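Participant: After the structure tokens below, expect a handful of questions from me.
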Amino acid sequence: MSLDAETFGQLIETIRRFVTERLRPLEAQVAENDEIPDDIIAEMKALGLFGLSIPEDYGGLGLTMSEEVRVVIELGKTSPAFRSAFGTNVGIGSQGLVMAGNEAQKARFLPGIASGEIITSFALTEPEAGSDGAGVRTRAVKDGNHWKLSGGKRYITNADKAHLFTVMARTGGPGAGGVTAFLVPADSPGLSVGAHEKKMGQQGAHICDVNFDDVAVQPENMLGAEGEGFKVAMRVLDRGRLHISAMCVGVAERLVADAVAYATERKQFGQAIADFQLVQAMIADSKTELLAAKALVLETAAKRDAGENVVLECAAAKLFASEMVGRVADRAVQIFGGAGYVADYGIERLYRDVRIFRIYEGTSQIQQLIVARETIKRGG
């Protein structure tokens with residue numbers, strides 16, 4: 001159910017102020033310490049950010065996709081690491097449960113996810129299974145009335161903070177039909193989380209390996225039917241790709257605004273560099289691509305809310321928006337010149353931060369394959 005216009009407008013304005021007054025001043029500190037302060041996390045919980053996409057019946061805000069992407073665009077105007085703190089709760093860590101969970105599972109977990117008391121994580125990627133999501137080797141074997149889970153996952157977002165994992169494991173033969181989804185509490189005996197990785201960008205957002213050594217999973221923690229885990233994962237990722245596309249739009253809006261402000265103030269040859277046509281060309285290209293990506297994201301979100309099949313459109317949005325923000329970041333560094341290469345202005349940090357958008361939740365190459373496949377399926 002959509003919020004009324006006044007209430008949603010107030011939410012957007014509150015988030016806009018939170019980004020400007022609380023998050024942006026902390027960007028350099030978070031990047032240096034590789035940690036988001038606890039008081040900021042508490043404020044995010046109070047604002048309802050952990051429950052943006054959780055139905056109101058379970059304590060969330062229950063935003064439509066159109067509302068969610070507009071919120072995410074605002075959150076994109078600061079370091080993407082801040083969004084990652086609650087991003088798994090809003091997206092890949094919760095939506096399998098929202099889409100495929102039974103009523104008992106939803107009642108047990110969703111209120112805590114919405115409040116931020118339960119941090120969720122989505123465990124699909126493995127050393128030999130990333131883009132090939134149907135190739136997972138982590139195995140779940142029936143042992144009496146429960147399952148025993150063994151294997152390892154790699155690059156799992158928020159794993160070191162998670163209380164609950166959605167785990168894709170092989171219960172049958174090879175291929176997509178042999179994969180089943182499970183809800184696995186982080187305190188389960190035999191489950192261990194490695195140290196978080198040092199990354200190119202998005203310091204403050206952690207990724208870790210997760211290992212399962214004969215972890216007992218109760219039958220009531222199977223998510224959906226046996227053998228339907230891959231379908232659950234793909235439905236979750238479709239939605240997540242649109243969320244990430246909106247994030248790319250938000251970061252691009254920030255980059256364009258910063259580049260224009262700098263170009264207006266920076267003087268060369270006795271005049272502002274914004275007066276030079278080749279600088280204007282970079283601004284024009286960035287703004288045009290940004291507007292195109294934003295239009296695609298908003299249109300796709302509206303189609304999804306209307307119940308349309310948007311597999312193709314979600315992939316196209318993720319492909320275009322993630323590639324777009326990379327180009328915009330590169331041009332922003334160029335407009336800033338030497339200042340764009342040093343840390344003081346934060347442009348080099350955003351340049352590094354946005355690189356991951358072309359990789360996670362499906363690489364650009366995987367999106368190309370999906371767009372082509374769906375276009376052919378629809379007959380062009």
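Participant: Of Ser286, Ser245, Ser188, how do they rank once you tally other Cβ atoms within 10 Å and put the fewest first?
Facilitator: Starting with the residue having the fewest Cβ neighbours, the order is Ser188, Ser286, Ser245.
Participant: Does anyone have the angle between helix 364-377 and the longest principal axis of the chain? Alpha-carbon axes, 0 to 90°, nearest 10?
Facilitator: Once rounded, one gets 70 degrees.
Participant: Using a Cα-Cα cut-off of under 28 Å, which lysines could be cross-linked to Lys287, ignoring same-chain neighbours fewer than 8 residues away?
Facilitator: Lys77, Lys267, Lys303, Lys318
Participant: What is the distance, in nm, between label points placed 7 Å from the Cα along the Cα-to-Cβ direction at Gln271 and at Ala195?
Facilitator: Label at Gln271, label at Ala195, 5.5 nm between them.
Participant: Also: Quick check on the stretch 246-380: take the gyration tensor over C-alpha atoms, sort the square-rooted eigenvalues as a ≥ b ≥ c, and tell me if it's rounded (a/c under 1.5), prolate or oblate.
Facilitator: prolate
Participant: Roughly how tilted is helix 65-75, in degrees to the nearest 10 and between 0 and 90, from the longest Cα axis of the chain?
Facilitator: Helix 65-75 sits roughly 50 degrees off the main axis of the chain.
Participant: If each of Ile12 and His146 carries a label point 7 Å out from its Cα toward its Cβ, how far apart are those two points in nm?
Facilitator: Result for the modelled spin labels: 4.8 nm.
Participant: By count of other Cβ within 10 Å, fewest leading, how are Asp238, Asp330, Asp57 ordered?
Facilitator: By the 10 Å Cβ count, ascending: Asp57, Asp330, Asp238.
Participant: Hey, another quick one. I'm spelling it out carefully: the read-out is Rg and Dmax of the Cα atoms in Å, the candidates are (i) 23.0, 83; (ii) 20.9, 58; (iii) 21.0, 80, and one was derived from this structure. Which label?
Facilitator: (iii)
Participant: At 7 Å along the Cα-to-beta-carbon direction for both Ala42 and Arg352, put a label point, then send me their distance in nm to one decimal.
Facilitator: Inter-label distance under the simple model: 3.0 nm.
Participant: Turning to a different aspect of this structure: To make sure I understand, if each residue's beta carbon is the centre and we count other beta carbons within 10 Å, what order do Glu308, Glu103, Glu226 fall in, fewest to most?
Facilitator: Going from least to most buried by this count: Glu103, Glu308, Glu226.
Participant: A further question on this structure: Can you give the FRET efficiency for Asp330 and Glu128, using 1/(1 + (r/R0)^6), R0 = 30 Å, r = Cβ-Cβ distance, to the nearest 0.05?
Facilitator: Taking R0 as 30 Å, the efficiency between Asp330 and Glu128 is 0.40.
Participant: Restricting things to alpha carbons, find the Rg to Rh ratio for the stretch 69-113 using the Kirkwood radius for Rh.
Facilitator: 1.09
Participant: A follow-up question, please. Under the definition of Cα pairs under 8 Å and six or more residues apart, what whole-number percent is the relative contact order of the stretch 242-379?
Facilitator: The value is 30 percent.
Participant: Here's something else I'd like to know. What is the helix-to-structure angle for 38-47, meaning the angle in degrees between its Cα long axis and the longest Cα principal axis of the chain, kept from 0 to 90 and rounded to the nearest 10?
Facilitator: Between the helix axis and the principal axis of the chain, the angle is about 80 degrees.
Participant: If the viscosity is 0.692 mPa s and the temperature 37 °C, what Stokes-Einstein diffusion coefficient in µm²/s follows for the stretch 5-115 when Rh is the Kirkwood radius over Cα pairs?
Facilitator: Answer from the Stokes-Einstein relation: 227 µm²/s.
All of the numbers you see were taken from the coordinates with simple rules; none came from a lab. Note that the structure is predicted; figures quoted are calculated from it, not measured. Counting neighbours? That spans all protein chains shown, and the Cβs are built from the backbone with ideal geometry, glycine included.
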